[in-house]
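The structure appears below as structure tokens.
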Amino acid sequence: MWSVSKTKINEYGQPGGETIILLDGIGPKFRHLGLMINMLQKPGRRVLLIDYPSTRNTIESLVEEELVPAIASAKIEREQPLHFVTFSMGGLMARTYLKDHAPANLGRVVHIAPPNHGSEVADWLKKIPLFRWGFGKSGQQLTTDSTSLPNTLGPACYEAGVIAGCRSLDPWFGWMFKGPNDGKVSVESARLDGMTDFAIVPSSHYLIMNHPQTLALTDRFLQEGNFGKTRQTKGYAAPTAMVNHTHSPNT
């Protein structure tokens with residue numbers, strides 16, 4: 001582990017092969033990433049878990065002041081692919097980073113439970129002073145209005161696989177959603193224009209990183225660039241027009 005600014009970089013695996021940057025979401029970290037880290041650190045892979053101070057500033061400032069120098073300090077092999085795996089707000093961090101700093105060796109990106117169009121929970125909680133204090137400037141950016149950061153980053157210009165959760169265990173926020181959700185992010189908000197593939201897992205927001213389907217889908221996308229043909233349907237009551245696993249029209 002080493003530090004850059006207020007960011008710590010936790011390294012797993014061995015250098016010399018492809019690198020995977022793992023970005024957690026907002027607030028307390030790492031408690032739900034153990035299984036994902038174990039799955040990612042296969043022979044020939046180097047995993048960098050970047051522990052950025054998620055509530056200290058805006059997402060744009062966190063990217064420029066924390067993420068950019070952290071990645072620059074990592075001595076990543078330029079001849080090997082650089083992949084990203086993200087959870088929740090970590091997806092917005094990666095999208096912001098890749099918009100202006102996409103490396104020539106960029107590989108594939110898996111966004112898990114990303115609020116790509118904001119979160120209805122953030123819409124409501126931003127009215128509460130305690131939330132504004134606890135989740136900082138970045139937390140105020142996670143809203144669903146058309147001018148919010150998630151809605152102005154633009155489409156993915158890279159190979160992006162998106163995994164959404166559809167099972168809420170949260171008794172407090174369910175009433176805020178009009179459709180399937182994971183308790184924090186709706187299935188529809190997770191969708192990203194330009195994405196390569198999309199899958200839905202029957203999990204809640206904070207359990208999705210440990211879900212066996214999430215682990216298998218992430219591994220598959222990093223290796224093959226798609227989620228395969230297996231539909232993730234168990235436990236998901238979807239409208240007729242919605243499917244649990246879709247490919248981009250461009251693939």
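No lab work stands behind these numbers, since they all come straight from the coordinates. These numbers come from a predicted model, not from an experiment. Ideal geometry is used to build each Cβ from the backbone, glycine not excepted, and the neighbour counts take in all protein chains shown.
Once you put a point 7 Å from the Cα of residue 56 and another 7 Å from the Cα of residue 105, both along the Cβ direction, what distance in nm separates them?
Going from the residue 56 label point to the residue 105 one covers 2.7 nm.
Taking amide H atoms as placed 1.01 Å from N in the peptide plane, list the residues 5 or more away in sequence, or in a different chain, whose amide H sits under 5 Å from that of residue 164.
Amide H neighbours of residue 164, under 5 Å, 5+ apart: 113, 199, 200, 201.
Just order 129-137, 204-212 by mean Cβ neighbour count inside 10 Å, highest at the front, would you? Each step should come with its number before you reach the end.
On the way: 129-137: 13.8, 204-212: 20.1.
Sorting 129-137, 204-212 by mean packing, highest first, produces 204-212, 129-137.
Cut-off under 23 Å on the C-alpha distance; same-chain residues fewer than 8 positions from residue 75 excluded. Which lysines are left, in chain and number order?
Partners found: 6, 8, 42, 99.
So how do 185-191, 219-225, 52-58, 76-82 stack up, highest first, on mean other-Cβ count within 10 Å? Display every interim value, and only then the final one.
Details: 185-191: 22.7, 219-225: 17.0, 52-58: 18.6, 76-82: 15.0.
Highest mean packing first, the order is 185-191, 52-58, 219-225, 76-82.
Based on the Cα coordinates of the chain, what is the per residue volume of their convex hull in Å³?
For the chain, the hull spanned by Cα atoms encloses 121 Å³ per residue.
Taking every pair of distinct Cα atoms and averaging 1/r, then inverting, what Kirkwood hydrodynamic radius in Å comes out for the stretch 137-209?
13.2
Once the Cβ-Cβ distance between residue 223 and residue 169 is put in as r, and R0 is 35 Å, what FRET efficiency do you end up with, to the nearest 0.05?
After rounding, the FRET efficiency stands at 0.70.
Taking the Cα centre of the chain as origin and charging only Cβ (+1 Lys, Arg; -1 Asp, Glu), how large is the dipole, in debye to the nearest 20?
Taking the Cα centre of the chain as origin, the dipole is about 460 debye.
For residue 228, which sequence-distant residues (separation of 5 or more, or a different chain) have an amide H within less than 5 Å of its own amide H, given hydrogens modelled in the peptide plane?
Correct list: empty.
Run the reach check for residue 126 against lysines, Cα to Cα strictly under 24 Å, same-chain hits fewer than 8 apart removed. What comes back?
Within the straight-line limit of under 24 Å, residue 126 reaches these lysines: 29, 137, 178, 184.
In terms of Cα to Cα distance under 18 Å, which aspartates and glutamates are near enough to residue 127, apart from those fewer than 8 places away along the same chain?
Output for residue 127: 145.
What fraction of the DSSP beta bridges in the chain is antiparallel, stated in percent and rounded to the nearest 5?
Around 35 percent antiparallel, to the nearest 5.
Cα convex hull of the stretch 11-105: how many Å³ per residue?
Details: hull volume 7.8 nm³, N = 95.
Convex hull of Cα atoms, per residue: 82 Å³.
In terms of modelled amide H atoms, which long-range or inter-chain residues lie less than 5 Å from the amide H of residue 57?
It is 137, 138, by chain and number.
Quickly rank 144-154, 39-49 as a protection proxy: mean count of other C-beta atoms within 10 Å, highest first.
Values: 144-154: 14.5, 39-49: 17.8.
Answer by packing, highest mean first, reads 39-49, 144-154.
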